[in-house]
Amino acid sequence: MRPVFRSDRLLSHLKKPSPARFLILLFLLYYIPVILLVSGAVPFSFRWMVLAVVFLISLLLSRLKGYRAEELGIRVSNLKQSLLANTLFIICIVALFLLLDDTDVLTIKAEPPKTFFFFFYVLISSPLQEFLFRSFLFAEMNRSGITRASAQVVVSAASFAFLHIIYLDAFTTLATFAAGLVFAGIYRKYPNLAGVSLSHAVIGTLAILAGIARKMS
């Protein structure tokens, strides 16, 4: 008689960390959905739904793997340091935008998004993305033995930028990669979901209003 598949075996398998398993998870959870959107296999209009599904899967995996809140950057012990670092990043971005104000980089190419979009972006999309590309991804890398700073930052930033190729705009992809490097660097030093979610929301909103990331809306 064949043995019955037991749920505890699944949990045991999921909790076994290794770089190879991490790469498989990274490809399936972070890259396949983007490829489906870019190829047209999944309609572009479903992009937020796809992101929500990936987020729910990451939450389920976090639960099954027994991640503590601290491992996911849900903490208050380093909140002050995280907010300070992210605020400095926001100031740098504002200064950059002011310097580029008279150039062709900041151009308004479309009507501003509806007010509802900004509420959605700040309160839902930004924290959701930061959970995926910082909280959960760093927790996975740490448990899988991928602890080198440069590797963690590049993997996080590259995956974050890859998500944005669905907008078919090279500048947006490059800009999100650059921002992702800073988000990931700050998060690695001060792993706090609230801090990076705040800077992501503010900087993303500024980029959309300035016309740099208008396609994202």
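The values are calculated or read from the model by the stated rules, or taken from the named source; none is laboratory data. On a predicted model such as this, the values are computed, not experimentally measured, just so you know. Using ideal geometry, Cβ is built from the backbone for each residue, glycine included, and neighbour counts are taken over all protein chains shown.
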In this structure, does residue 136 turn out to be among the aromatic types (Phe, Trp, Tyr) and surrounded by fewer than 18 Cβ atoms within 10 Å (Cβ to Cβ)? no
Before we move on, is residue 152 surrounded by 14 or more Cβ atoms within 10 Å (Cβ to Cβ), over 30 Å from residue 24 (Cβ atoms) and modelled with pLDDT of 95 or more? no
Kindly indicate whether residue 45 is closer than 23 Å to residue 167 by Cα and at pLDDT below 95. yes
Quick check on this structure: which one of 106, 83 is surrounded by 13 or more Cβ atoms within 10 Å (Cβ to Cβ) and at pLDDT 95 or above? 83
Residue within region 184-196 that is at negative phi and either polar (S, T, N, Q) or touching a strand residue (DSSP E or B) at 6+ places or on another chain (Cβ under 8 Å) (or both) present: yes
